[in-house]
Every structure is written in C-alpha cells, then in structure tokens.
Amino acid sequence: MRSNRNALALGLVVYLAFFQIVGVSTAQAEDDSANQSLQTASQYYLERGTESKLMMKVNVWGAVQQPGSQYVPDGTDLISVLSAAGGPVEGAKLDKVRLLRNFNGEKQNRVINLSRCLKNGEVGTLPEIKPGDTIIIPKSKVSFGKVLGVVYHVAVIASVVKLMTD
C-alpha cells in the first residue's frame with residue numbers, strides 16, 4: 001500500500017515537472033501579444049470564501065461616493081462597478097463618463113453617455129469592463145444644491161439689510 005502511494009506521488013511529481021518544463025519552453029517561444037495576454041491574466045484575483053469568484057481590479061475616479069480601486073467579479077458591467085463605488089454623487093455628469101483602457105499596449109479613451117443608456121433602457125450597449133480599466137465620472141461645477149445654497153444666503157443677507165434699514 002505504501003509503495004502504491006510513493007509511486008503515485010512520484011508519478012504526480014514527474015507529471016507536474018513535465019508540464020512545467022513544457023510550459024517554460026512554450027512561454028519562451030511566445031510573442032509579444034501572448035505576453036500581453038499573460039499580463040492581462042495576472043490582473044485577475046481569486047476571491048476566498050465558500051464560492052470562489054474570479055475578481056478583477058478596476059479604478060473608479062471622480063464623482064462617486066467611494067472613489068479608488070474596486071475589486072469586482074469578472075463580467076461586471078459599468079453600472080455594477082459604479083454601484084460598488086457607492087454610486088454617483090450629486091452633480092455627477094453621467095452623460096460624460098470616460099472609460100480609459102490599455103489594450104495591447106494601445107491606450108483607449110471612450111466617452112459613454114450613461115444617462116441616455118439608463119433613460120432608454122440601452123444597458124446592453126454598455127462596454128464590458130476589463131481588468132485595469134479606469135472609469136472617470138466628471139462632476140458638474142454647478143449643482144442644484146449649490147445654487148439653492150447661494151439663493152438661501154442671498155435671501156438671508158437681504159432680510160438682514162431690510163431689517164437694519166427699517
């Protein structure tokens with residue numbers, strides 16, 4: 001029984017060593033595009049827990065509740081990534097969402113009108129999010145809350161001036 005276990009263990013070691021050697025020689029023969037694929041694959045992570053999920057890191061910048069790096073499951077759509085970042089803040093310009101991607105050494109910059117997609121129910125037309133993507137949500141310089149605050153302060157000042165002059 002013990003010799004069967006030793007033989008099985010030895011066979012497993014030889015098997016793994018063979019595929020390691022083949023893998024190394026194959027990896028050495030690959031061209032730059034295959035190396036790019038390997039770099040892309042290294043941007044995925046495995047989530048620990050009862051159910052393993054393949055996770056990817058994306059960056060969310062700008063007008064969201066929790067900007068920064070987000071780890072989301074592979075296949076996550078743009079709306080879910082923004083939800084993972086806490087959702088947009090007041091004044092977020094969802095009609096000018098930018099998606100930055102480095103694809104095979106070429107930088108891509110895409111502007112997405114998320115407002116229109118949500119309004120018209122065109123969620124299926126949103127691009128697939130890839131590992132390493134950066135999503136930028138610009139913020140409007142003027143929001144309803146800011147305008148209302150300014151109007152409030154002007155009204156208070158006008159009331160004080162009126163009281164002082166009467």
Segment 144-164 residues that are at positive phi, paired with ones that are surrounded by fewer than 10 Cβ atoms within 10 Å (Cβ to Cβ) and modelled with pLDDT of 85 or more (beta carbon under 8 Å, 6 or more apart): none
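Could you count how many residues in segment 87-138 are part of a helix (DSSP H, G or I) and out of contact with any strand residue (DSSP E or B) (no Cβ under 7 Å at 6 or more places or on another chain)?
Here is the first cut: in segment 87-138, the ones part of a helix (DSSP H, G or I) are 94-96, 114-120, 123-125.
Next, from what is left, pick out any that are out of contact with any strand residue (DSSP E or B) (no Cβ under 7 Å at 6 or more places or on another chain): 95, 115-120, 123-125.
Of the residues in that region, 10 qualify.
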Would you call LYS53 within 17 Å of the chain's Cα centre (by Cα) and modelled with pLDDT under 80? yes
Hey, does segment 126-136 have a residue that's touching a residue at least 40 places away in the same chain (Cβ under 8 Å), among the charged types (D, E, K, R) and crowded, with 17+ Cβ neighbours inside 10 Å? yes
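The values are calculated or read from the model by the stated rules, or taken from the named source; none is laboratory data. Since the structure is predicted, the reported quantities are computational estimates derived from the model, not experimental observations. FYI the Cβ positions are ideal-geometry reconstructions off the backbone, even for glycines, and counts take in every protein chain you see.
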